[in-house]
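Notes for the one structure printed next.
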Amino acid sequence: MPPAVPSDVPPAVELRGITKRFPGVIANSDIDITVRRGTVHALCGENGAGKSTLMKILYGMQKPDEGTIAVDGQQVVLGSPADAIAHGIGMVHQHFMLAEYLTVLENVVLGSEKLYGIGARARAKVREISDAYGLGVRPDAVVEELGVADRQRVEILKVLYRGARTLILDEPTAVLVPQEVEALFDNLRGLKAEGLTVIFISHKLGEVLTVADEITVIRRGTTVGTADPGTTTTRQLAELMVGSQLPSPGTHESTVTGTPALTVQDLKLTAADADGAVRDVLAGISFVIHKGEVLGIAGVEGNGQAELVEAVMGMRDPDGGSITLDSTDISHLPTRKRRESGIGYIPEDRHRHGLLLEAPLWENRMLGHVTEPPNSRHGLIDGRAARLDTERIVREYDVRTPGIDVTAASLSGGNQQKLIVGREMSHSPKLLIAAHPTRGVDVGAQAQIWDQIREARREGLAVLLISADLDELIGLSDSLRVMYRGRLVADADPATITPEELGSAMTGAAAGHLEAPAGTGEEDR
């Protein structure tokens, strides 16, 4: 239940008739939302529904074409984030905006030096806020050394330091393990108890029902309804969002063959930290993925998963070890040759490694596959064929766009992801490296991506799956391995392990249904 806020207290935020148009698309159409003070108010909707645009309007990053915004009962004009902050609205973005090599204190103070200076007063204020809301932030810790959950707390502390009384959290649990999610929810309850307000944006419906006091659902840019978390199920909420039942990875029949598709043997990678000390990023990693098998790698972000993916893709040169694809040693091949050999790649960071944001969709369809049909013919780019195939991907993967000539930057994050998945699956890869393949996508798109992976797996596709969604890892994987500090430390049985047990193993704690890591020989089958 929400805290006892007097009935005569005006809403923290009130949006009325918000409409925002872009060339060829109406992002928001006559949206009405009332967010009561001292509550957690969830905003749900499928990809492209207009959530991001709406929050950018509330945070002053976009100006509405029509409609009004009231904060604490007073109508305001928010022309910039500075205006929003001045009216007590702060935003924690899904992709953190922290300077890696600065301390927590330096990150918090940066840009707000006039508030409490940069010395003892600022340090005291950081400690005061951290203690008041149970954030447990250490002012002198270097951000580079912090885990994902601690970095998120720093981002929350930053907006509180600037006086925010209403916080917008965009997909705040996307990269957290279950224990970290519960800790975040405890922090949110602490904020709420002090009369602060949280606008919580998430595709994880179970979490929405757990933490929210009220829910607003938008579809295709307009408000379609509200829901009471106390009386609503995830199935009903999904139907309100996308008109279909909530999907689940579920169980599946085994399609694992005895033929290796990818063999990684004794892969080593070292890196120097900020002090110049050399540490093991990958410490003798070995595994086999067979044709028709999904191998899931579970681990808290920062334990070597990203470096493993980059080493297999040829984006990093390991210090030792070998990588074999379909009986061919590809250890010394460049990334382009590895792709041409049959590796599909869904990157963790779609903006850095998956898209050219200012290029049109049909050019992004060719990215990473420019030498392959239908993009290329007789050594020359076939623009017409690439455009036709982009239109097919848009149809089959339900990419919400006014056309294939708009830029990738104009799409919502979920629709960008669907374009990438469609592109990579279109080349019938032997191995798919899928790093967080459904991060930031709605429940309908999530089900579609799962089905595409399952279908290709039945046809012999091998998949290396990296995901922070433990239900996804358990539901899609044929075998699971836990990665901790650059090592594969345990095997888990997807049929018996729970998300809580897997989350414990990822943080280095003991868990049930775990075994010592297997080798790479066929005797492990």
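The values are calculated or read from the model by the stated rules, or taken from the named source; none is laboratory data. All values derive from a computational prediction rather than experimental measurement. Virtual Cβ from ideal backbone geometry, glycine too; neighbours counted across all protein chains shown. Each accessible area value is taken on the protein alone, full model and side chains, heavy atoms only, with ligands, DNA and RNA left out. Shrake-Rupley method; radii C 1.70, N 1.55, O 1.52, S 1.80 Å.
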Output the pairs from K268/K337; K51/K192; K192/K418 with a Cα-Cα distance over 26 Å in this structure; if there are none, say none. K192/K418
Based on the Cβ-Cβ distance from D186 to T328, what FRET efficiency comes out when R0 is 51 Å, to the nearest 0.05? 0.50
Between T259 and D382, what is the label-point separation in nm under the 7 Å Cα-to-beta-carbon projection? 2.7 nm
Rounded accessible area per residue of the chain, 1.4 Å, Å²: 42 Å²
Distance from a point 7 Å along Cα→Cβ of D349 to each backbone N in region 277-303: keep the residues under 17 Å and list them by number. 301-303
Given a Förster distance of 45 Å, the FRET efficiency implied by the Cβ-Cβ spacing of D266 and A124, rounded to the nearest 0.05, works out to 0.35
So what is Rg over Rh here for region 387-471, counting just Cα atoms and using Kirkwood for Rh? 0.96
Between V9 and D228, what is the label-point separation in nm under the 7 Å Cα-to-beta-carbon projection? 2.1 nm
Given contacts defined as C-alpha pairs under 8 Å and at least six residues apart, what's the relative contact order of the chain, whole-number percent? 16 percent
Farthest positive-ward along the chain dipole, Cα basis, beta-carbon charges - from M91, Q75, T407: Q75
Correct choice for mean projected area of the Cα convex hull in nm² that was computed from the model, options (i) 21.6; (ii) 24.9; (iii) 23.3: (ii)
Compactness check, region 32-131: C-alpha Rg relative to the 2.2 N^0.38 Å globular estimate gives 1.28
Could you please state how large a percent of the accessible area of the chain is carbon and sulfur, counting protein chains only and using a 1.4 Å probe? 49 percent
With just the Cα atoms of region 267-343, tell me how far they stretch along each of the three principal axes, in Å, largest first. 41, 26, 18
Set the Förster radius R0 to 41 Å, insert the Cβ-Cβ distance between D398 and M315 as r into 1/(1 + (r/R0)^6), and round the FRET efficiency to 0.05. 0.85
Which order do you get for D389, D349 if you rank them by accessible area with a 1.4 Å probe, largest at the top? D349, D389
Share of pairwise Cα separations in region 350-506, more than 18 Å, in percent: 62 percent
